[in-house]
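Participant: Sending over a structure as structure tokens; questions will come in a sec.
Computed from the coordinates by the stated procedures, all read-outs in this text should not be read as laboratory data. None of the values given here were measured: they were computed from a predicted structure. Quick reminder, even Gly has a Cβ in these numbers, built from the backbone with ideal geometry, and neighbours come from all protein chains shown.
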Amino acid sequence: MKSFSTNAQKDNCLMPFREISIKSNGDIVLCCYDITGKFILGNIEEISLKSLWNSSKYQDIRKNMLNKHIDNLPITCKGCRIFTNERLIKA
Ligand code: SF4
């Protein structure tokens, strides 16, 4: 199994790099913390998981996370406790 021992693991949230969350209505959200569906990436009936996973939308989120461009991240990430723990802010 491939290890995720990268800077992303050390300083960032790994959710957009390793998993995807699908709500019961088919809406796809960034992670399981978004229980109210504040940031919907798509719907499973409209796009394949593979297409969404490799989409520019998802890639941009990953790049912004790696580059710590917090202002460009989804609203769910800005209010996430991952940030209040300063895992992204401290580099
Ligand atoms: S909301 Fe939090 S846990 Fe979910 S992807 Fe954003 S930073 Fe990670």
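Participant: Given q = 0.31 Å⁻¹, what are the Debye log10 I(q)/I(0) values for the stretch 17-57, with equal point scatterers placed on the Cα positions and solvent ignored?
Facilitator: -1.22
Participant: Now, a different point. Given the Cα-Cα distance of LYS50 and ARG62 and 0.36 nm per residue of separation, how much length would full extension add, in nm? Let's see the in-between values first.
Facilitator: Numbers: separation 12, 0.36 × 12 = 4.32 nm, distance 1.56 nm.
Taking 0.36 nm per residue and subtracting the Cα distance, the gain is 2.8 nm.
Participant: Using 0.36 nm times the number of residues separating THR36 and PHE17, minus their current alpha carbon distance, what extension gain do you get?
Facilitator: 4.7 nm
Participant: Here is a follow-up. With a sphere of radius 15 Å drawn around the Cβ of ASN72, what net charge do the other residues whose Cβ falls strictly inside it have (Lys, Arg +1; Asp, Glu -1)?
Facilitator: Here the count lands on +3.
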